[in-house]
Structures are given as structure tokens and as C-alpha cells.
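Undergrad: Once you've had a glance at the structure underneath, I'll fire off some questions.
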Amino acid sequence: MDRSKIFWNIEKKEEEKEAIITLYGTIGSNKCSDDVVDKHIRNTLNSLKDYEKIKLYVNSPGGSVMAATSIHNALKNHKAFIEVYVDGIAASAATIITCAGDKVYMPNNTMFMVHNPMTVASGSSKDFNKTADVLDKVKDTILNTYVSKTGQEKEILSQLMDDESWLSAEDALEYGFIDEILVQNASIENMGDRLIVNSIVM
């Protein structure tokens with residue numbers, strides 16, 4: 001079974017030229033292990049060329065930066081007005097996707113998390129130095145996306161990433177990651193070292 005179809009789906013309203021896309025779970029390029037697959041999202045957007053509005057509902061702990069960037073760019077290149085709704089949490093790479101929204105909404109009981117890119121490496125000291133350089137470059141690409149959405153200085157956003165910042169809706173609005181706060185209910189609970197937001201385990 002293609003697991004990506006379990007965690008994302010699309011509802012088309014052809015008469016209104018409006019589509020609703022739900023993106024829940026991890027983001028990546030592997031249809032066998034990732035919940036939200038960049039290729040599937042791009043193909044879906046290609047099938048919506050004549051649509052004038054896309055509503056995107058996100059609840060994700062993140063995943064691949066490059067896959068999220070691909071989805072972000074596909075959304076930005078679409079002619080439709082993009083509305084993004086954070087249903088529970090937009091964390092890590094998922095925040096790259098939310099930044100594609102022409103208007104981004106967060107209920108006042110949801111979370112938004114940014115941090116520095118991470119990877120697993122092995123090898124010699126030269127290998128580790130090279131990996132560190134690559135991570136710095138990846139961070140810079142993320143910052144470019146954040147700056148474009150928020151209008152904030154790179155230094156401010158970089159510090160947020162350094163601190164692994166968990167932002168409330170109010171915080172996210174203050175920094176410009178979102179455009180409006182909604183009053184809704186989400187299931188948020190702490191269990192030991194895990195944060196569970198609308199059934200997504202962190």
C-alpha cells in the first residue's frame with residue numbers, strides 16, 4: 001500500500017475552482033517511508049492548474065528540507081491563492097511549506113517550531129567539516145524562505161533556529177510566520193519527553 005495516500009488527500013470543488021489538500025505526517029521523497037511525498041504533491045498541483053484557491057491543512061513534525069522546499073516552490077509557482085491552516089503543529093521542515101501561503105492561519109492552541117538543519121554523518125574530520133559546511137548552506141536556504149515570508153532580519157531568524165524555538169500562535173504572528181490567529185481546539189498533551197499534538201508524536 002502507498003502509505004502517502006493515508007496521510008494526505010485532496011478534495012476538489014470544481015465549480016468553485018477550489019481545492020482542499022491535507023498534509024499530515026512526515027515529509028520526504030520516499031513513497032514507502034514518508035507520509036507526505038513531494039512528487040505526489042507536485043503532481044497534484046499540476047492537476048489543479050485552473051484552480052483559483054487552494055486550502056492547505058498541515059499537521060507535521062517535519063522531515064526532509066529539500067522535499068519541503070520542493071513542495072514550497074510548487075505552491076509558490078501555482079497561480080492559485082494559497083491559504084495554509086496549521087491544524088496541530090508545523091515543525092521543522094513543515095514550516096518551509098507553510099511559508100508558501102499567501103495567508104497563513106494558526107489556531108491559538110497550535111505550535112510552530114523552527115530549528116537548525118540536522119543530519120547523521122560518519123567518516124574523517126574532513127568529512128565532518130564538509131558536512132558542517134553543507135548544513136550551514138542548507139540553513140541559509142531555509143533562512144531565505146523565512147525572510148521572504150516574514151520580512152524579518154536574517155540574524156533574528158537565525159537565532160530562533162539556533163535556539164530551537166517553539167512558538168505559540170501569538171509568537172508566530174509576532175515574527176511574521178503567520179498572518180492570523182484562529183480560535184479553535186486542538187489536542188495537546190505531554191507524555192514524558194514527548195509532545196503529542198493532534199495525535200502527531202514529537
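The values are calculated or read from the model by the stated rules, or taken from the named source; none is laboratory data. Just so it is clear, the structure is predicted and the values come from calculations on it, not from any experiment. Counting neighbours? That spans all protein chains shown, and the Cβs are built from the backbone with ideal geometry, glycine included. In case anyone asks, the SASA skips ligands and DNA or RNA and just uses the protein heavy atoms, side chains included. Shrake-Rupley method; radii C 1.70, N 1.55, O 1.52, S 1.80 Å.
Undergrad: Given (1) closer than 22 Å to residue 164 by Cβ; (2) open to solvent by 30 Å² or more (accessible area, probe 1.4 Å), identify the lone condition not met by residue 60.
TA: With respect to (1) closer than 22 Å to residue 164 by Cβ; (2) open to solvent by 30 Å² or more (accessible area, probe 1.4 Å), residue 60 is out only on (2).
Undergrad: Can you tell me which of 123, 101 is over 27 Å from residue 37 (Cβ atoms) and part of a loop (DSSP other than H, G, I, E, B)? It would help to see each step written out before you state the result.
TA: Working: 101 fails: over 27 Å from residue 37 (Cβ atoms).
Testing whether each residue is over 27 Å from residue 37 (Cβ atoms) and part of a loop (DSSP other than H, G, I, E, B) leaves just 123.
Undergrad: Here is a further query. Can you tell me how many residues in the range 108-167 are open to solvent by less than 60 Å² (accessible area, probe 1.4 Å) and on the phi < 0 side of the Ramachandran plot? Give the steps one after another, and end with the answer.
TA: Just the residues of the range 108-167 that are open to solvent by less than 60 Å² (accessible area, probe 1.4 Å), to begin with: 109-117, 121, 123-124, 131-132, 135, 138-139, 142-143, 145-147, 149-150, 152, 157-158, 160-161, 165, 167.
Checking which are on the phi < 0 side of the Ramachandran plot leaves us with 109-117, 121, 124, 131-132, 135, 138-139, 142-143, 145-147, 149-150, 152, 157-158, 160-161, 165, 167.
Matching residues across the range 108-167 total 30.
Undergrad: Could you check, for the range 41-50, whether at least one of its residues is touching an Asp or Glu at 6+ places or on another chain (Cβ under 9 Å) and open to solvent by less than 50 Å² (accessible area, probe 1.4 Å)?
TA: Checked the range 41-50: no residue is touching an Asp or Glu at 6+ places or on another chain (Cβ under 9 Å) and open to solvent by less than 50 Å² (accessible area, probe 1.4 Å).
Undergrad: What number of residues within the range 151-171 satisfy the criterion of being touching a helix residue (DSSP H, G or I) at 6+ places or on another chain (Cβ under 9 Å) and in contact (Cβ under 8 Å) with a residue 40 or more places away in the chain? Explain how you work it out, then say what you get.
TA: Kept after step one, since they are touching a helix residue (DSSP H, G or I) at 6+ places or on another chain (Cβ under 9 Å), are these residues of the range 151-171: 152-154, 156-158, 160-161, 165, 167.
Narrowing further to those that are in contact (Cβ under 8 Å) with a residue 40 or more places away in the chain: 157, 160-161, 165, 167.
Going through the range 151-171 one residue at a time, the tally reaches 5.
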